[in-house]
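Just below is one structure, and these are the notes that go with it.
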Amino acid sequence: MSPTTLTARRLLRWPVLLVGVLLAGAMLLLSSPGAAHADTAGSATAPDTPGGDQEQTDFYFGGVIRFDDEPVAGVTMSIEGGGFEAATVTDAEGKWRLYVPEKDVYVLTVDEDTLPDGIIVDAAQLPEGTQPQEGTTASFEVEFGQTGSKVLNLFLGAGERITTSWIDQLVERIINGLNFGLLLALAAVGVSLIFGTTGLTNFAHAEMVTFGAMMAVVFGVTMAIPMWLTIPLVILVGGLFGYALDAALWHPLRRRGLGIVQVMIVSIGLSLAIRYIFLFIWGGSTMQLPGAGAPKIQIWGPIRLSVVDMMSMGISIVVLIAVAFWLLKTRIGKATRAISDNPGLAAASGINVDRVIRIVWILSTALAALGGILWGYFRPGVRWDMGVHILLLIFAAVILGGLGTAFGALIGAIIVGLLVEVSTLWMPSDLKYVGALAVLIIILLVKPQGILGRKERLG
């Protein structure tokens, strides 16, 4: 192939990748349950009836907010859980209603800024069995009983609001951002390795993440295998899944010489097919992994982590260090980097390119499966479409760090994770992904090849 043709192919990769990222963003927005059930009642006009403009489902929480036996209007109520978020405002009679997609455990929050001055939620008058979360009286965990509705009448009283300083909130979000960035890196490194060795932007990688979480439910919940044994089992099964996909699909397509665009379209179709197979097998409900929602422990100052958080961060760090050692010190790792730099020259040097690519697929899907388990704990909750919710962030981390560079993907994932979590200090949680994508665009305008990318090889 002539140098001119190679240059043209390199120049075409960016438009193709940008189109792919935009497609992923559209899929993310269209499939987001938060978008489907978001409530617009929090706007300037309060709803005339409880529930406002929410999309009505068979499941809802509702009640009345009172102070001195008088209804309180205009109080903002929000609910969050299982990747779903919604909000509403109490009407003139103090009534509110929040619809949710399914029976699950949720966190209900009263926006204290919308309460009268000097008034808080009276913890002594909370419904039986309802306990406020640590550090606040305005946020508490709620769940359904035998029916599809739950009435929670809340009473206000005079008191001093418990607030967290801005510095403490910043430290807490930085820790959460590091946790999120590390688990994101597990998936992003796999995407980067696949792109570096094959040139494929793999949209089906989101389903590899979901696959890991689903297998964790099968082993850890259905079969009741301890999680210390479930995690290595899921990694093993994830690697076998990658082997099967490469042997049955990707290797035959490579041998037929299909172009990158055609193979990318195949990955989109594969993503949709696997996703709806998950829906068919496990249904649309949200499942919880053992130990999810564990209480947080005071570590130091404002730093509070659960045992699951600490284990998640520890596992991510150990695995990422192991991958770095594999890339730098082993023969297969060095061959992988050689193929990423120049596959033609690597093949001419005697490297078995197909064998290395097969190993890369196995490693990438195993890492994605592990990331799926940790994502299931971080959310918390396991759903049939959970992987696609972070697909755009995975691509952003890979592009930000530098296409085809595993270490760049690691750096990009940490940056994206921190930006997503820290940005909630200044913007609503519904818009927390915007900050990460804005920084991505700015950095690419300054350095189009990414942080660790090289100008002579954009891919």
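The values are calculated or read from the model by the stated rules, or taken from the named source; none is laboratory data. Source: prediction; values computed, not measured. Here the Cβ positions follow ideal geometry from the backbone for every residue, glycine too, while neighbour counts run over all protein chains shown.
Details
- Pick from the range 430-453, criterion in contact with a helix residue (DSSP H, G or I) (Cβ under 9 Å, 6 or more places away or on another chain) and charged (D, E, K, R), ranking: surrounded by the most Cβ atoms within 10 Å (Cβ to Cβ): Lys432
- Flag for Val261 being assigned to a helix (DSSP H, G or I) and closer than 25 Å to Leu184 by Cβ: no
Per-residue answers, yes or no, for (1) modelled with pLDDT under 90; (2) surrounded by fewer than 19 Cβ atoms within 10 Å (Cβ to Cβ); (3) touching an Asp or Glu at 6+ places or on another chain (Cβ under 8 Å):
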| residue | (1), (2), (3) |
| --- | --- |
| Arg331 | no, yes, no |
| Ser340 | yes, no, no |
| Ala346 | yes, no, no |
| Ala369 | no, no, no |
| Gly404 | yes, no, no |
| Leu410 | no, no, no |
| Thr424 | yes, yes, no |
| Pro428 | yes, yes, no |
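- For Phe219, the conditions (1) assigned to a helix (DSSP H, G or I); (2) in contact (Cβ under 8 Å) with a residue 40 or more places away in the chain are fulfilled apart from (2).
- If only residues of the range 279-305 that are loosely packed, with under 15 Cβ neighbours inside 10 Å and of a type in the set (Phe, Trp, Tyr) are counted, the one that is nearest to Asp168 (Cα to Cα) is Trp300.
- Restricting the range 71-117 to residues that are in contact with a helix residue (DSSP H, G or I) (Cβ under 7 Å, 6 or more places away or on another chain) and within 18 Å of His389 (Cβ to Cβ) leaves a set whose member that is surrounded by the fewest Cβ atoms within 10 Å (Cβ to Cβ) is Gly83.
- First in the range 368-392 and within 19 Å of Lys432 (Cβ to Cβ), second anywhere and assigned to a loop (DSSP other than H, G, I, E, B) and basic (Lys, Arg), Cβ under 9 Å, 6 or more apart: Met386/Arg379; His389/Arg379; His389/Arg383
- Within the range 71-103, if we keep just the residues that are on the phi > 0 side of the Ramachandran plot and touching a strand residue (DSSP E or B) at 6+ places or on another chain (Cβ under 8 Å), the residue that is modelled with the lowest pLDDT turns out to be Gly82.
- Gly242 being of a type in the set (Gly, Ala, Ser) and in contact (Cβ under 8 Å) with a residue 24 or more places away in the chain: yes
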